[in-house]
Amino acid sequence: MFKLSIPLAGAYLAAAATIITIATPTHAEERDEFLRLHQSVRAHELCRNGGQAYSRDQQLKLARAIDRMAGGDLTAADRLESVLEAKSSVSRMRHAGSCSGEKLVDLIELFDTKLASAL
């Protein structure tokens, strides 16, 4: 039978905790990713979907996909705030310039890469 000494076992536990901490996104990182994904949906609606919002069914599919990617431990308040912020920030970007602006192009590429398959 294999036995670990107490100091060695403690070292393994500390290493495992460090690895888990590094691999787990922080609340702020999770919220930022959630926001960017919702911004990408709004950018795609405004610039590639003729300014039309997606149908309710499509919105639900996109929301589920975003939750799987970045929803994790966000509260309902964080989610609502992020969705509202995404809509207003992308609308401001669109009104300030065209859909060929760098920020909007990046968001559309994000949609195409991570969310288009959800539809």
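Thinking of segment 26-118 as a set of Cα atoms, what percent of all their pairs are more than 22 Å apart? Don't skip to the answer; put the middle values down first.
Details: 896 of 4278 pairs.
Counting every Cα pair in segment 26-118, those more than 22 Å apart make up 21 percent.
Report the full-extension gain for the segment Ser98 to Ser117: residue separation times 0.36 nm, less the Cα-Cα distance, to one decimal in nm.
Numbers: separation 19, 0.36 × 19 = 6.84 nm, distance 2.54 nm.
Gain on stretching Ser98 to Ser117: 4.3 nm.
Output the relative contact order of segment 26-118, whole-number percent, from Cα pairs under 8 angstrom with separation of 6+ residues. Provide the component values of the computation, followed by the final result.
Numbers: 80 pairs, mean separation 45.9, N = 93.
Worked out over segment 26-118, it gives 49 percent.
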Contact order relative to length for segment 28-79, counting C-alpha pairs under 8 Å separated by 6 or more residues, stands in percent at 59 percent
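Coordinate-derived values only; no laboratory data. Owing to the predicted nature of the structure, the values given are computational and were not obtained by experimental measurement.
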